[in-house]
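Comments concern the structure below.
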Number of protein chains: 4
Amino acid sequence: MADLETPRTRLLVSCPDRQGIIAEVSRFLNEHDANIVENNQYSTEPGESVFLQRTVFEWTGEGEAAEVLGPAFAAEVGEPLGMEWRFEDARRPKRTAIFVSRYDHCLLDLLWRARRGELPIDVGLVVSNHPDLGADVASFGIPFEHVPVTKETKAEAESRQLELLGDEYDLVVLARYMQILSGGFLARAGIPIINIHHSFLPAFAGAGPYRQARERGVKLIGATAHYVTEDLDEGPIIEQGVVRVSHRDDAIELERRGADVERTTLARAVAWHCEDRVVATGATTVVL
Amino acid sequence: MADLETPRTRLLVSCPDRQGIIAEVSRFLNEHDANIVENNQYSTEPGESVFLQRTVFEWTGEGEAAEVLGPAFAAEVGEPLGMEWRFEDARRPKRTAIFVSRYDHCLLDLLWRARRGELPIDVGLVVSNHPDLGADVASFGIPFEHVPVTKETKAEAESRQLELLGDEYDLVVLARYMQILSGGFLARAGIPIINIHHSFLPAFAGAGPYRQARERGVKLIGATAHYVTEDLDEGPIIEQGVVRVSHRDDAIELERRGADVERTTLARAVAWHCEDRVVATGATTVVL
Amino acid sequence: MADLETPRTRLLVSCPDRQGIIAEVSRFLNEHDANIVENNQYSTEPGESVFLQRTVFEWTGEGEAAEVLGPAFAAEVGEPLGMEWRFEDARRPKRTAIFVSRYDHCLLDLLWRARRGELPIDVGLVVSNHPDLGADVASFGIPFEHVPVTKETKAEAESRQLELLGDEYDLVVLARYMQILSGGFLARAGIPIINIHHSFLPAFAGAGPYRQARERGVKLIGATAHYVTEDLDEGPIIEQGVVRVSHRDDAIELERRGADVERTTLARAVAWHCEDRVVATGATTVVL
Amino acid sequence: MADLETPRTRLLVSCPDRQGIIAEVSRFLNEHDANIVENNQYSTEPGESVFLQRTVFEWTGEGEAAEVLGPAFAAEVGEPLGMEWRFEDARRPKRTAIFVSRYDHCLLDLLWRARRGELPIDVGLVVSNHPDLGADVASFGIPFEHVPVTKETKAEAESRQLELLGDEYDLVVLARYMQILSGGFLARAGIPIINIHHSFLPAFAGAGPYRQARERGVKLIGATAHYVTEDLDEGPIIEQGVVRVSHRDDAIELERRGADVERTTLARAVAWHCEDRVVATGATTVVL
């Protein structure tokens, strides 16, 4: 879970794998009086292996750890070892915008968990292409923006959405947002976007997947939370869940059960992302 | 579980849905002094709905319930209501042949469970296109037949397999049998064939599915047990299972975990089939 | 799921087990032009076995099925066979009062699901011994009554609660209500009361169960939904759920995960109860 | 999974928590040309926190890593920092003895997984207080010793068991061994002993737990794998599993389902133990 109250900082590191990285990073932190409280590493397949590390440390010096330790880290460790890195203040929740259409289950689950302090997110905006959920969002004291989208107005709508986002957000969550975001939008938004969609074993292409699943006698239905890329529903997978169904469940009931697994799966994915645990590397993710 | 020791009979009924079927069947059984101990019905979607019923009853009359009650049932109930039906002696295990290639996990799991009395099957034959598992099968006291299959000898091999089956079997289980059975084989065998194969959310077509799953960052891998039809891996689904994986699991470990979920999923599917619970109807199944 | 829109009726039957019950009930319904759409039976252990049946039927006659068919059923079937029985209109949601203390997760989950039409309940009242959740409940347009309870005022508080319930409710759900209801309250309320509480493998008696679970290295935590009896937390179990935890989860995180499994487990239990699927028989339940 | 083929070594460290431990250990390994491939740490609760670390490294120097690096590690890191530590050759499977009574499911699952290379164990001995499973064990080519145990001969039997173990084993697994081992046996054996037993939510004390579970309407049954201590069934928990059951499952079926979850849970626990992932600390375990 997020470390919202203790003065903790996360250091995220990615670089070509080689011997001695852990030693260098931990030596640096130790010498700067930072106490490591959690540390995870992972190296991708041999060959051109990439080394990934997430280190949580406590630092009680003056000022922000990132500002004070950053330049020294760059000079002593980051640049010599050819790293990409960043420091994240673990107390700062991710500034999050939620996009939604008409289904409320994922949206309400996120808002409620955020209010309970279960998710380290600060939801500053909900955008919808339908007005239906405005009152629900208002009851949480969060701004709701209705941005209708039609085939003709899509470009305009995306401009409006980008304007609303400005540069104030760290994350967009698509909580059953039924519009496809263009490659241009993704590029200009420039922040991670997490989506949730239903999944089956096996998969069913095309319209009416719950109906198709029922016709095939599927016994498990699932949900996949993933980062959005230009390949629709094909981005790196963050988390998945399943729930058991039977022939007694009609298509409506399948969708309800799907809704349950969607909201819990999305909540886990958002939590891990906001704790800086998820590294997208190539087409896959590593959850540190 | 199977009712192997008490004198129980199962009546399986399928017919166009209409009012009064349950009343007719239960009246018949009651009048013939049969005591219903389990009763499940299901009607498929409205429209041209199909009514399915599985009734387990105790009957202590002279002779076999099927032979004694059968003609009266046909005359009084089955034919007037346009039914398909059959009586099955619940004490009689299904005579089963297992086809396997080199992977032992599904085969051994079935043989153990059968030996422990967990599965109402009587395994009379194991056929393999490789000799590797002969000693294992021998230790269970079961005949093992090595029938090699190459592209050139496939027709001949299938003839040999059909000859081995004769008309002595109720069921074939493909316990990771890596050859595709021809439509001709399926037609001539004329008995249900259950297969197990790996499944993912989403599905991965083509070769190396575990590698593909790993590349996409899949978090759940699964298995699907289904009846074999001419559409490879597309037959009606009997049962599915999943297991959780992570980026730490390499392709070998993914396959091991897949093996675990394959064997438990196949065992459940075989158990339900042999308890006469599974009705394939169209492309789906109903598990009564 | 509940059948809120089609004119369906549920017939619930309980009686000493004997041959011919299914035949009698189905003959009766057939003769009165009722079409059975779902039918489940169960007989408890041999010996003094109890027969339980839940039959859902469509009936398009004039008036309420219960009123029109009831007297005939009593005379022809119910009384001759020594049954307890009742007819329930499947379109009528259960009138439900929710008792809660300070934790909001189970309460909000029930209110959301009810609003979405997922649960066949009509929540007419929320009672709490704390004022905290009043605004949340108000946003659903549901009356909220604050009835403080202290050791001294418990009897008085229970009288007030009984007065609020009147005879307008079919069900009370304790959605993390942290007070023990007296035997007198249970007797006078005279309606089913469903409770949810955390569970572990193995169980931990006494205070601080999450802390105890953590100290023992528990890897799974669970929740149990049950009917309330005078034996605290010992009533017949309706449903259970579990979630995986690890040593990395501190006591706070364990409680959060517990909250998640509590709310989904309670929601399933309430749904089954309100679909008249759950029969408490002795210390156990049968979910038909 | 176990790293049986690459020349890898595991370093297991436990010491009072303080700043700089990771830096020291990783500096040492780096300076001795060891490449860290996996690294996990955990600190128990604040206060008298204990720091635990499991580091897997590749070392291609001459000789055994433990022998070559050990003395230097002791002098430079282990003793100055007040550590307990050990080096383990990751290629060396744990020498394992299995104790069993009459139930075969856990035993066969372990032997089969070991044969497949799924479990890094080398099973050198099976001891049973019954002769029943001798032939099964023989078919794996493993010595089987029948050591009967009665109330009168228990001390003598334990002496015989200790004699059979000698000092040739790293681990004893109780695969449904239905005898209680004395405190004296545990002390003299001096190696970890893993046990599996059934678990329920809630727990049922006394005889016939499956019958009790059924009487209470339990919906989930489970299994707990734990280290054996003198407190029977109360040792630190390594792993747990559950499986869903219903009122339709009689006591025999509950036990069968229990057997399934017992064998998979035990196999996971043994795998983790043999990969040196499990640290028992106080009454709990940490799985690194």
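No value in this document is a laboratory result; all are computed from the given coordinates. None of the values given here were measured: they were computed from a predicted structure. Backbone-built Cβ (ideal geometry, glycine too); neighbour counts: all protein chains shown.
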*Just need the relative contact order of chain C here, percent rounded to a whole number, with Cα pairs under 8 Å and 6+ apart.*
17 percent
_Give me the inter-chain shielding for A:111-120: mean count of other chain Cβ atoms within 10 Å, whole number please._
3
*Calculate the mean, over all residues of peptide A:16-25, of how many other protein chain Cβ atoms lie within 10 angstrom of the residue's Cβ.*
5
*Innermost chain B residue relative to the axis carrying B onto D, by Cβ distance in angstrom*: B:SER139, 2
*Dipole in debye (nearest 20) - segment B:94-287, about Cα centre, beta carbon charges: Lys, Arg +1; Asp, Glu -1*: 620 debye
*Counting helices only, and only those DSSP H runs with n ≥ 4, report the 222 nm mean residue ellipticity of chain D as the sum of -39,500 (n - 2.57) divided by its residues, in deg cm²/dmol to the nearest 500.*
-9000 deg cm²/dmol
*Calculated FRET value between A:ILE191 and C:GLU79, using beta carbons and R₀ = 51 Å, to 0.05*: 0.10
*Roughly what would the spin-label model give for C:ASP231 and B:THR150, points 7 Å off Cα along C-beta, in nm?*
7.0 nm
_Per 0.36 nm of contour for each residue apart, how much would the distance between D:HIS32 and D:SER182 grow if the chain were fully extended, relative to their Cα-Cα spacing?_
49.5 nm
*asked:* Averaged across C:31-43, how many Cβ atoms of other chains sit within 10 Å of each residue's Cβ atom?
replied: 4
*Label-point separation (nm) for B:GLU163 and A:SER159, each offset 7 Å from Cα along Cα-to-Cβ?*
7.9 nm
*Given the C-alpha centroids of segment B:141-155 and segment B:163-183, what is the distance between them in whole angstrom?*
11 Å
*Sequence-separation-based contact order of segment A:176-285, relative, with Cα cut under 8 Å and 6+ spacing, percent*: 26 percent
*Quick one: check the C-alpha center-to-center distance for segment D:58-97 versus segment D:258-285, whole angstrom.*
23 Å
*Cα-based helix-to-principal-axis angle, B:105-115 vs chain B, degrees rounded to 10*: 40 degrees
*Taking R0 as 22 Å, what's the FRET efficiency between A:ARG102 and C:ASN40 from their Cβ-Cβ distance, rounded to 0.05?*
0.05
*Can you run phi through the Karplus equation (6.51, -1.76, 1.60; θ = phi - 60°) for segment A:128-141 and list ³J(HN,Hα) in whole Hz, with x for Gly and Pro?*
9, 8, 9, x, 3, 9, x, 5, 4, 5, 4, 5, 9, x
*Most positive-pole-ward Cα, D:ILE193, D:LEU108, D:TYR177, against dipole of segment D:94-287 from beta carbon charges*: D:LEU108
_Residue (of D:SER14, D:ALA223, D:THR153) at the positive-pole extreme of chain D, dipole from beta-carbon charges_ = D:ALA223
*Might you report the magnitude of the Cβ-based charge dipole of the protein assembly as shown about its Cα centre, with Lys and Arg at +1 and Asp and Glu at -1, to the nearest 20 debye?*
0 debye
*Report ³J(HN,Hα) in whole Hz for each residue of segment D:185-199, in order, from the Karplus equation J = 6.51 cos²θ - 1.76 cosθ + 1.60 where θ = phi - 60°; Gly and Pro get x.*
4, 4, 5, 6, 5, x, 10, x, 10, 10, 10, 10, 8, 5, 9
*asked:* With angles folded into 0 to 90 degrees, how steeply does helix D:21-31 sit against the dominant principal axis of chain D? Use alpha carbons for both and round to 10.
replied: 60 degrees
*What does the convex hull of the Cα atoms come to per residue for segment D:8-89, in Å³?*
76 Å³
_Could you order the peptides D:254-267, D:162-175, C:86-99 from most to least packed, using the average number of other C-beta atoms within 10 Å per residue?_
D:254-267, C:86-99, D:162-175
_Charge dipole (debye, nearest 20) of segment B:8-89; +1 at Cβ of Lys and Arg, -1 at Cβ of Asp and Glu_ = 200 debye
_Using the Karplus curve 6.51 cos²θ - 1.76 cosθ + 1.60 with θ = phi - 60°, what ³J(HN,Hα) values do you get for each residue of segment B:270-287, in whole Hz, with x for Gly and Pro?_
5, 4, 5, 4, 6, 8, 6, 8, 9, 10, 7, 9, x, 8, 10, 10, 10, 9
*Quick one: which residues, 5 or more positions from A:ASP17 or on another chain, have an amide H under 5 Å from its amide H? H modelled 1.01 Å from N in the peptide plane, none for Pro or chain starts.*
A:SER49, A:VAL50, A:PHE51
*Report, by chain and number, residues whose modeled amide H sits under 5 Å from the one on C:ILE238, excluding near sequence neighbours (fewer than 5 apart, same chain).*
C:ALA225, C:HIS226, C:TYR227
*What lysines sit close enough to D:LYS219 to cross-link, taking a C-alpha to C-alpha distance under 19 Å and skipping anything fewer than 8 places away on the same chain?*
C:LYS219
